[in-house]
Amino acid sequence: MTLPNLLTLSRIVLAFLLWPFLFWDFVWAKTFALVTFIVASLTDLFDGQLARSQKNATAFGAIMDPIADKVLILTAFFAFVRLGILPFWLVLVIFVRETIVTLLRLWVIRKGIVMPAQRAGKQKTISQIVAILYILTFLVVKSMGIRYFPFWNPTLELFFLNSSFYLALLAMVLTLISGGAYLYDLRRSLAQKQK
C-alpha cells in the first residue's frame with residue numbers, strides 16, 4: 001500500500017470520526033470536528049501531489065480518491081441536516097449528483113477513457129469545502145459563545161443559519177453545473193472513441 005493510498009483511506013476514517021464529534025455533547029467537540037475536517041481536506045491535497053511526484057499513481061488510488069472525497073463531503077452535509085442547519089432537499093440534490101458522477105467515473109475507468117479534471121469540478125469542490133468550513137466554524141463559535149462568552153443571541157443564530165444556507169445553496173448550484181459539464185465532456189469522449 002503506497003503512502004498516497006494510505007492518505008486516501010485515512011480520509012474515509014476521518015470522515016467517520018467527524019460524525020460523532022459533531023453530535024458529542026462536549027464543549028470542544030465542535031472544535032475537534034473542525035480540525036478533523038481540515039486534516040481530512042489536507043490529505044486530499046497531499047495524496048495527489050505525492051502520487052504525481054513519486055510517479056506511483058495506482059488504479060486503486062484513481063478509484064478510491066474521488067470516493068473518499070464524496071464520503072467526507074456527504075458525511076458533513078448529512079450531519080448538518082441532522083443538526084437542523086441545512087434542509088434535507090438541498091443535501092439530497094448534492095448526494096444524487098455526486099453518486100451519479102462517481103458511478104459514471106468508475107464506469108469510464110473500466111472503459112479505459114481518461115477524463116481530465118474539470119475547472120467546474122474544482123470550483124464545485126472548493127465551494128463545498130468552503131461551505132462546510134463556514135458551518136463548522138459557526139458551530140465552534142456558537143458552542144464557545146454559549147459556554148464561555150455571553151455574546152450568543154437569536155440574531156446571530158439567524159444570521160449564521162441564513163448565511164450557511166446560501167453558501168450551501170451556492171455549492172449545490174455549482175455541483176449541478178459541474179455535473180452537467182461532466183456529462184457533456186463524457187458524451188464527447190464516448191463519441192470520439194467510437195470514431
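Derivation of every value follows stated rules applied to the coordinates shown; laboratory data play no part. Remember, predicted model here, so these are calculated numbers, not experimental data. Glycine gets a Cβ as well: all are built from the backbone with ideal geometry, and neighbour counts include every protein chain shown.
Data overview
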| item | result |
| --- | --- |
| Fully extended contour minus Cα-Cα distance, from L3 to Y166, at 0.36 nm per residue | 55.0 nm |
| Which of L50, L14 has the fewest Cβ neighbours within 10 Å, and the rest in rising order | L50, L14 |
| Sum of side-chain charges, F23 neighbourhood, beta-carbon under 13 Å (Lys, Arg +1; Asp, Glu -1) | +1 |
| Neighbour-count ranking [beta-carbon atoms within 10 angstrom, fewest first] of D47, D185 | D185, D47 |
| Difference of contour (0.36 nm per residue) and Cα-Cα distance, V141 to L104 | 9.4 nm |
| Principal axes of region 3-194: Cα extent on each, largest first, Å | 65, 33, 22 |
| The chain - mean residue ellipticity at 222 nm from DSSP helices (-39,500 (n - 2.57) per run, n ≥ 4, rounded to 500) | -30000 deg cm²/dmol |
| Residue exposure sequence - S178, S10 - by fewest surrounding Cβ within 10 Å | S10, S178 |
